[in-house]
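Some notes on the structure that comes next.
The values are calculated or read from the model by the stated rules, or taken from the named source; none is laboratory data. Predicted, not measured: the structure shown is a model, and the values here were computed from it. Cβ: placed from backbone, ideal geometry, glycine included. Neighbour counts: every protein chain shown. Heads up: the accessible areas ignore ligands, DNA and RNA and are worked out on the full protein's heavy atoms, side chains in. Shrake-Rupley method; radii C 1.70, N 1.55, O 1.52, S 1.80 Å.
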Amino acid sequence: MNKVAVYPGSFDPITNGHVDIINRGLRIFDKIIIAIGYNPTKSALFTVEERIEMIKELIGDNPKLEVGSYSGLLVDYLEEVNATVILRGLRAMSDFEYEFQLALINRRLDRQVETVFLMTGSKWFYCNSRIIKEAASFGGSVRGLVPDDILQKLKEKFPLLKEGNARKRKERC
Ligand code: ADP
């Protein structure tokens, strides 16, 4: 039996933290569907169509990965794609309470559904799309936090964005 998981999120844009969860998820699941949720309350930098395109380019022709989008209930989308597992990543404690509530409501809405959490890779603890967009909008280097192709897309949105790596602090007393 194929184990299919849906990895839902805003992916605005997809970061290396997301990529890490996807790659590790592939060791557990036969297929992962990356699902972009239409969230009318969050103002987005990239349209859902742009995000789908960016993720498609990133995953290439990997048969174990798919990208889709949904609006409305996530459990309805799971039913539509024939999946019963939701994959989520956990960073700081601050993620935990929200993720806990989300997992419980989804299971209440559909008893078949289970949420599986993967702990963030230590390198990606502070890696989140909002902070990346904020830094990039002021011209701060976010190289290494997002895949290179995504960095190019960010540069198109934020002309101020620098090419180089993050500045190293000079040690002195
Ligand atoms: P963000 O919170 O960065 O805007 P999303 O809403 O797209 O990201 O998050 C989708 C899922 O990916 C959530 O479960 C979120 O906790 C997880 N996630 C996002 N960034 C990371 C990361 N750096 N490490 C682990 N999980 C992450």
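Data table
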quantity	calculated
Degrees separating the helix 48-59 axis from the principal Cα axis of the chain, which is the longest one	90 degrees
The stretch 4-125, relative contact order [Cα under 8 Å, separation at least 6], %	31 percent
The chain - percent of accessible surface contributed by carbon and sulfur, probe 1.4 Å	52 percent
Options G89, I28, Q112, ranked by Cα towards positive dipole end of the chain, top entry (Cβ charges)	G89
All-pairs Cα distance distribution in the chain, expressed in whole percent, bin size 10 Å	9, 36, 36, 14, 4, 1, 0
Backbone N within the stretch 1-33 under 19 Å of label point (7 Å from T41 Cα along the Cβ vector)	8-12
In sequence order, calculated HN-Hα J values of the stretch 72-85 (Karplus, 6.51, -1.76, 1.60; Hz; x Gly/Pro)	x, 6, 5, 5, 5, 5, 4, 4, 4, 9, 6, 10, 10, 10
Net dipole in debye of the chain [+1 Lys, Arg Cβ; -1 Asp, Glu Cβ; about Cα centre; nearest 20]	960 debye
Choice from P40, P63, P159 with maximal GNM fluctuation in the chain (Cα, 10 Å cutoff)	P40
222 nm mean residue ellipticity, helices alone, for the chain (DSSP H n ≥ 4; -39,500 (n - 2.57); rounded to 500)	-11500 deg cm²/dmol
Angle between the chain longest axis and helix 148-157 axis [Cα atoms, degrees, rounded to 10]	70 degrees
Net charge over other residues, Cβ less than 13 angstrom from the Cβ of E79 (K, R count +1; D, E count -1)	-2
